[in-house]
């Protein structure tokens, strides 16, 4: 799954702007820690968007 599809799913099941902004913020945190620990940033960013 790519990020665009994950964002569509996120917005489908989360209507409140706060929840969407929060998901984007946590996505960036997940990407940071994935990079710091040698993991795939894109994978973990997308996991956060749809989890």
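Could you check the range 24-43 and list, in sequence order, the residues that are assigned to a helix (DSSP H, G or I) and either on the phi > 0 side of the Ramachandran plot or in contact with a helix residue (DSSP H, G or I) (Cβ under 6 Å, 6 or more places away or on another chain) (or both)? Scanning the range 24-43 gives 26, 27, 30, 31, 34, 35, 41. I'm trying to understand the selection: among the residues of the range 2-23, which are surrounded by 13 or more Cβ atoms within 10 Å (Cβ to Cβ) and not in a helix (DSSP H, G or I)? If the condition is that a residue be surrounded by 13 or more Cβ atoms within 10 Å (Cβ to Cβ) and not in a helix (DSSP H, G or I), then 14 is the only one that fits. Contact map, the range 32-50: residues that are touching a residue at least 40 places away in the same chain (Cβ under 8 Å) paired with residues that are not in a helix (DSSP H, G or I), Cβ distance under 9 Å, separation 6+ or inter-chain. Pairs shown: 46/1; 46/2; 50/1. Of these, 31, 48, which one is modelled with pLDDT under 95 and surrounded by 13 or more Cβ atoms within 10 Å (Cβ to Cβ)? So the residue among 31, 48 that is modelled with pLDDT under 95 and surrounded by 13 or more Cβ atoms within 10 Å (Cβ to Cβ) is 48.
The values are calculated or read from the model by the stated rules, or taken from the named source; none is laboratory data. Source: prediction; values computed, not measured. Positions of Cβ are generated from backbone atoms using ideal geometry, with glycine treated the same way; all protein chains shown enter the neighbour counts.
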